[in-house]
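A.B. asks: The structure under discussion is supplied below as structure tokens; questions concerning it will follow.
Derivation of every value follows stated rules applied to the coordinates shown; laboratory data play no part. Fair warning: this is a prediction, and the values are worked out from it, not measured in the lab. Neighbour counts are summed over all protein chains in view; Cβ atoms, including those assigned to glycine, are modelled from backbone coordinates with ideal geometry.
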Amino acid sequence: MPRALITGVTGQDGAYLSQLLLDKGYEVFGLLRRSSSGEVIDERLRWLGIHGRITMMDGNLIDLSALLRIMQEVAPDEVYNLGAQSFVKTSWNQPLLTGQVTALGAGNMLEAVRLAAPKARFYQASSSEMYGLIQEPVQSEKTPFYPRSPYAVAKLYAHWMTVNYRESFGLHASSGILFNHESPLRGIEFVTRKVTDAAARIKLGLAKDLPMGNLDAKRDWGHARDYVRAMWMMLQQDQPDDYVVATGRTVTVRDMCRIAFDHVGLDYEAFVKVDPAFLRPAEVDVLLGDSTKARQKLGWEPTITLEEMIREMVEADLARHRARMR
């Protein structure tokens, strides 16, 4: 039975990846950062019905000693570093924390693998936000990076450290440059879930409008289920490498709002209001990924469309709010 260690195990991607690996017969261990919200920390795992099947290990990405202990105890075959301070907006308010967790945390993980589990295969969750002020209209593994937020800068450090450890120490270390990927398990602070939750609440009479930032920003959105499958496929390759994971279709936030509100029979223009308070200090206007390499080398293909994903998210939010109304 192969063993996998996942940081960020209680997040959206960690939950779906855990489910995928469990279905494949893995023994799954999760790095758990203790917090005051411990009673709801495994909410996503409970949603998928797998919360009792993962062995949780107390630790923190900024504590190398704990990571070394965990590597020795678990002796993982695969390590997936998904943990991060991953909310872009928060990274401007907490840039140093973002650097410690998202950037140096990845460095700590790589060092722990090098010292205590050098045969393990390592996956780093890189981000399309690293492209930022895009240097090419379609972004591939060869596109230059131009990060536009403290989060993106931190992710870029983690990305290049992964490359460096692969080339310097011979680790089987791969990075997935994942474009935006969503699901019903996405946190409420992210724009897609903010929209689907608002559509559900407005439909049920629980809210009257939806304040938003830049409606013209364009993103390449896919489903997290598809994207965690790509993570696993990367670590099954004989040689480590970096891969863009994207659908190759870009859509505005405005159109995403329209899809969500159409699903509940509402006109988004009557409810969505632009509020300058939600505009970013430095905007990433367009992201569009070229996943040719992942499709050709890994055999990966997305299977869930944006429309299917948004409808699934709206239905999940309707179910959540109806349950609370009972």
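A.B. asks: For region 2-7, in order, what is each residue's ³J(HN,Hα) by Karplus, 6.51 cos²θ - 1.76 cosθ + 1.60 with θ = phi - 60°, in whole Hz (x at glycine and Pro)?
C.D. replies: x, 10, 10, 10, 10, 8
A.B. asks: Under 10 Å from the Cβ of THR143, count the other residues' Cβ atoms, weight Lys and Arg +1, Asp and Glu -1, and hand me the total.
C.D. replies: On the way: positive: LYS142; negative: GLU136, GLU141, ASP290.
Summing Lys/Arg as +1 and Asp/Glu as -1 gives -2.
A.B. asks: Residue by residue, what Karplus-based ³J(HN,Hα) values in Hz, rounded to whole numbers, does region 108-119 have, using 6.51, -1.76 and 1.60 with θ = phi - 60° and x for Gly and Pro?
C.D. replies: Once rounded to whole Hz, the list reads 4, 4, 4, 5, 5, 5, 4, 7, 10, 8, x, 8.
A.B. asks: Angle, helix 253-263 long axis vs. longest principal axis of the chain, Cα atoms, 0 to 90°, nearest 10?
C.D. replies: Long axis of 253-263 versus the principal axis of the chain: about 70 degrees.
A.B. asks: Let me ask you something else. Arrange the following residues from fewest to most other Cβ atoms within 10 Å of their Cβ: GLU78, GLU308.
C.D. replies: With the fewest neighbours first, GLU78, GLU308 line up as GLU308, GLU78.
A.B. asks: Which stretch or stretches of region 208-235 have amide N atoms under 20 Å from the point lying 7 Å from ASP285's Cα along the Cα→Cβ direction?
C.D. replies: 213-221
A.B. asks: Three principal axis extents, largest first, for the C-alpha atoms of region 98-155, in Å?
C.D. replies: Here the spans come out as 41, 23, 12 Å, largest first.
A.B. asks: Find out how many positive minus negative residues lie around ARG3, taking Lys and Arg as positive, Asp and Glu as negative, among other residues whose Cβ is under 15 Å from that of ARG3.
C.D. replies: Its environment carries a net charge of 0.
A.B. asks: Can you give the charge dipole size of region 191-277 about its Cα centre, rounded to the nearest 20 debye, using +1 on the beta carbon of Lys and Arg and -1 on the beta carbon of Asp and Glu? Write out the running numbers ahead of the final one.
C.D. replies: Details: 13 positive and 13 negative charges, 77 e Å.
That gives a dipole near 380 debye.
A.B. asks: Once a ≥ b ≥ c are taken as the square roots of the eigenvalues of the Cα gyration tensor of region 191-312, is the result rounded (a/c under 1.5), prolate (a/b larger than b/c) or oblate (a/b not larger than b/c)? Present the calculation step by step, with values, prior to reporting the outcome.
C.D. replies: Values: a/c = 2.96, a/b = 1.97, b/c = 1.50.
Prolate, since a/c reaches 1.5 and a/b exceeds b/c.
A.B. asks: Another one. Can you tally the net charge around GLU315? Count Lys and Arg as +1, Asp and Glu as -1, for every other residue whose Cβ sits under 15 Å from the Cβ of GLU315.
C.D. replies: Numbers: positive: ARG186, ARG193, ARG201, LYS203, ARG311, ARG320, ARG322; negative: GLU182, ASP197, ASP262, GLU307, GLU308, GLU312, ASP317.
Computed value for this residue: 0.
A.B. asks: If you wrap a convex hull around the C-alpha atoms of the chain and split its volume per residue, what is the figure in Å³?
C.D. replies: Details: hull volume 42.3 nm³, N = 326.
Hull volume over Cα atoms, normalised by residue count, gives 130 Å³.
A.B. asks: With runs of 4+ DSSP H residues as the only contributors, calculate the mean residue ellipticity of the chain at 222 nm using -39,500 (n - 2.57) per run, divided by the residue total and rounded to the nearest 500.
C.D. replies: Numbers: 11 runs with 125 residues, N = 326.
Dividing the helical sum by the residues of the chain leaves -11500 deg cm²/dmol.
A.B. asks: Now for a separate question. Determine the gain in length on full extension of the stretch GLU43-ALA323; use 0.36 nm per residue of separation and subtract their C-alpha separation, reporting nm with one decimal. All intermediate terms of the calculation are to be shown ahead of the outcome.
C.D. replies: Working: separation 280, 0.36 × 280 = 100.80 nm, distance 1.52 nm.
Result: 99.3 nm gained on full extension.
A.B. asks: Just the number: Rg to Rh for region 280-324, Cα atoms, Kirkwood Rh, two decimals. Each step should come with its number before you reach the end.
C.D. replies: Working: Rg = 16.7 Å, Rh = 14.0 Å.
Over the Cα atoms of region 280-324, Rg/Rh equals 1.19.
A.B. asks: Would you calculate the separation in nanometres between label points at GLU301 and ASP267, each defined as 7 Å from the Cα along the Cα-to-beta-carbon direction?
C.D. replies: 4.0 nm
A.B. asks: Can you bin region 1-120 into rounded, prolate or oblate? Criterion: square roots of the alpha carbon gyration tensor eigenvalues sorted a ≥ b ≥ c, rounded for a/c under 1.5, prolate for a/b above b/c, oblate for the rest. Walk me through the numbers before you get to the answer.
C.D. replies: On the way: a/c = 1.87, a/b = 1.13, b/c = 1.66.
Oblate, since a/c reaches 1.5 and b/c is not below a/b.
A.B. asks: For region 45-163, what's the relative contact order in percent, using C-alpha pairs closer than 8 Å and at least 6 residues apart? Could the numbers behind the result be given before it?
C.D. replies: Numbers: 162 pairs, mean separation 34.0, N = 119.
After rounding, I find 29 percent.
A.B. asks: Then there is this: Step through the residues of region 240-251 one at a time and calculate ³J(HN,Hα) from phi using the Karplus curve (6.51 cos²θ - 1.76 cosθ + 1.60, θ = phi - 60°), rounding each to whole Hz and writing x for Gly and Pro.
C.D. replies: Each residue of region 240-251 in turn: x, 6, 10, 9, 7, 10, 7, 8, x, 10, 10, 9 Hz.
A.B. asks: Only sites in a loop by DSSP and with at most 13 other Cβ atoms within 10 Å count here; which trypsin sites (Lys or Arg not before Pro) in region 132-220 make the cut?
C.D. replies: Working: sites: LYS142, ARG148, LYS155, ARG166, ARG186, ARG193, LYS194, ARG201, LYS203, LYS208, LYS218, ARG219; in loops: LYS142, ARG148, ARG186, LYS208.
Filter output for region 132-220: LYS142, LYS208.
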